[in-house]
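Here the structure is laid out as structure tokens; the discussion comes afterwards.
All of the numbers you see were taken from the coordinates with simple rules; none came from a lab. Everything quoted here is computed from the prediction, not taken from an experiment. Every residue, glycine as well, gets a Cβ built from its backbone with ideal geometry; the counts of neighbours run over all protein chains shown.
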């Protein structure tokens, strides 16, 4: 069994990698990349060579390629040679301005050095000659540029993505040479209950800590890097976007580290457990508040995170669906061709055949006009009421599908020999249905339970759109509209892992529920 | 006793006689009532009055979707320059355009377009999309699914492909295809078909695997029947009702799919009227201008329900077990 599970997991990881690779090809190679400039005002304003260089910068930002400008190479070279005063040196100025002289350009030693260095790394070079008027004056945006660029292949892209997927913070993370005291140790936590694992030299100050928020123990040590958003959530890591709380700030009386031991308190929403190292210059105000360079923080917010919002709605809908759908399906099978069965079938047909968009709007219209429930999530005065319509819209189709399959499997079981035998033994109809038939019919449905629970984490596209729910359902569609390639890859990775985990968990649950089923090849009756 | 007494007075000549030459052949045959599969299917199907009623309604709807646009030319842009015609309720629209007319009996849309005319033109696009996609996907899915289910070597390869392709999000695929070959009727068909057949093939594979290992199939293989013949003669006829069941769910699903993709802004191009586009254009203000929203929703729902129900009934009828009198 262990061997089987190990093989299954290995195979799943392989498929996951291939899916991510396929999506990377789709996103980075097949979609024409210049579409990102369609709505870009800066691109429109730029012209000539400036526009070409701007394109390189944007392509790098969106993750298409990596590029190096010759100018920055020259600067780095002379910073190393002369230190801070490099820009006054004559040989620096000569090397820097050589780009503007197309005829003498190739004979320059630094240019040759640049070409040699990046040639070895597999870069390709493009020289943008200065564009001038006849008078010799440079046209707007016509300055010369020399650029080395590197187009990532799918394998490098995939390799780097996988390598950077999980990062662990270490004491060497902060590159500041002035920081000498580097450690990870357990200290008393002034902001939460008891003790915390505190790091110095790590990016976050508090690595593991306790507080009053669910799930009470939190960590900043391990990070999951699904992908970075370029447009929708500028520069943010998508896993932190979907899991950080939203909504109104919670303020309470807190003390900055310099206030410890005094009676001084300020009212603020600062989350001191989120402190990260400030590598930039520290302001005087920050010096007055903090005793070290961990001065960057985020705020405590009252609302649920995007992921939690989707999950809460999804899981309530799923619980309702199982609680209503299974008994309804059993009832329909027991009273086959009676009124209840006919009504149930009508409902199933309605749910199966009518476009989901249509009945979601139908529920929205009924809910808002007859029961005066809030329609848009953001406009709800009582937050709980805003959940009702989305939950109903998600639950009703699930109920329909569960009813359909439960009824089907129950009816299939009803003609089995063991049912006839049980009847011959003198069991009451109630016992037969409850103990024998429904349990055997459930075998087919058990496999789907982990999937329907984990599926709540992906959110619901239409429901969340119609009711304006701030969940994760529209992450992918929004990213597609805005060419947010990092988010597209992140979403695919997230969805695929969830679906693969659900299938494996479903099979395990199935084997647990029905001991006759053996997953590994040795036992059981499978071919 | 009575039998013997009855025969005693009869001579042998009357009990037995020699057959004439032409009588010999037919008497050698075992006579059974004539059974034609498809005749029985339709006999069972048309026995129910409700089926006939639904079929008539569906045919009327189909005819109206394909014929009405010929007489009621729909032009989304005809009143685009006249904002006074935008979003008029049925009563207001008929008043504005001078008395009762079929064209304005359902009011006007956000661009002064006629909702009533729009529905038929839109339904034609949606139906054509559904029929073409269903035909392509069903054909590919069933042929490849049969091979997939029959051959264990193909199964190993296809399972890997299925696991990968089934996990690429459909909206991502549609977006990429739209970027590569542009929006339009055929590009949408292409994106719905490029992976759409896999799901059908996977479902069909499981059905084929169940039949594959039945005794008569094994016997046929032992006698050296070639693979294509086993698939077409031994397996496919057994699965006719399964095929019709798939058809019953597939056809309406493409109409729903088009509505869904249009809602996300990924559907057909703007100049092509479709039910999905009508619904998604009207959805933002469906409480204020209900006459723009509900007619296409109602038409799409009736179409999908009828297609689904009739498909289910046909599937029931195509199961030979229901053919017993």
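Okay, here's what the table says:
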{"item": "Nitroxide proxy distance, nm - points 7 Å out along Cα→Cβ at residue B:232 and residue A:185", "result": "8.3 nm"}
{"item": "Where only C-alpha atoms are counted, convex hull volume of segment A:404-527 per residue in Å³", "result": "157 Å³"}
{"item": "Highest-first arrangement of A:471-479, B:213-221, A:138-146, where packing means the average Cβ count within 10 Å", "result": "A:471-479, A:138-146, B:213-221"}
{"item": "Förster radius 45 Å - calculated FRET efficiency between residue A:478 and residue A:415, Cβ distance, rounded to 0.05", "result": "0.35"}
{"item": "Ellipsoid semi-axes in whole angstrom, largest first, where each is sqrt(5λ) of the Cα gyration tensor of segment A:209-311", "result": "26, 18, 13"}
{"item": "For a label point 7 Å along the Cα-to-beta-carbon line of residue B:157, residues of segment B:194-208 with backbone N under 20 Å", "result": "B:194-206, B:208"}
{"item": "Label point distance in nm, residue B:21-residue A:372, each placed 7 Å from Cα along Cα→Cβ", "result": "9.9 nm"}
{"item": "Sorted by Cβ neighbour density within 10 Å, fewest at the top, the residues B:250, A:429", "result": "A:429, B:250"}
{"item": "B:75, A:103 arranged by Cβ crowding within 10 Å, fewest neighbours leading", "result": "A:103, B:75"}
{"item": "Partner chain coverage, peptide B:168-177 - average Cβ within 10 angstrom", "result": "6"}
{"item": "0 to 90° range, to nearest 10: angle between helix A:306-334 axis and chain A longest Cα axis", "result": "20 degrees"}
{"item": "C-alpha center-to-center spacing [segment B:60-100, segment A:67-112] in angstrom", "result": "70 Å"}
{"item": "Radius ratio Rg over Rh of segment B:29-174, counting only Cα atoms, Kirkwood formula for Rh", "result": "1.20"}
{"item": "Mean Cβ neighbour count within 10 Å, used as a protection proxy, ranking A:252-264, A:191-203 highest first", "result": "A:191-203, A:252-264"}
{"item": "Exercise: per-residue mean of other protein chain Cβ atoms within 10 Å, B:256-265", "result": "4"}
{"item": "Stokes-Einstein diffusion coefficient of segment A:306-473, Kirkwood radius over Cα pairs, 25 °C, 0.890 mPa s, in µm²/s", "result": "141 µm²/s"}
{"item": "Sites residue B:48 and residue B:131, calculated FRET efficiency, Cβ-Cβ separation with R0 30 Å, nearest 0.05", "result": "0.75"}
{"item": "Rounded tilt (10° steps) of A:356-370 against the dominant C-alpha axis of chain A", "result": "80 degrees"}
{"item": "Number of partner chain Cβ atoms within 10 Å, mean per residue of A:67-78", "result": "0"}
{"item": "Residues residue B:80 and residue B:284, FRET efficiency given R0 of 22 Å [Cβ-Cβ distance, rounded to 0.05]", "result": "0.75"}
{"item": "Mean Cβ neighbour count within 10 Å, used as a protection proxy, ranking A:355-368, A:176-189 highest first", "result": "A:355-368, A:176-189"}
{"item": "Spin-label pair residue A:178/residue A:44, simplified geometry with 7 Å Cα→Cβ offset, distance in nm", "result": "4.5 nm"}
{"item": "Helix-only CD estimate at 222 nm, as mean residue ellipticity for chain A, using -39500 (n - 2.57) per DSSP H run (n ≥ 4)", "result": "-15500 deg cm²/dmol"}
{"item": "Acute angle (nearest 10 degrees) that the helix B:185-194 long axis makes with the longest principal axis of chain B, alpha-carbon atoms", "result": "50 degrees"}
{"item": "Translational diffusion coefficient (Stokes-Einstein; Kirkwood radius from C-alpha pairs) of the protein assembly as shown at 4 °C, 1.567 mPa s, in µm²/s", "result": "39 µm²/s"}
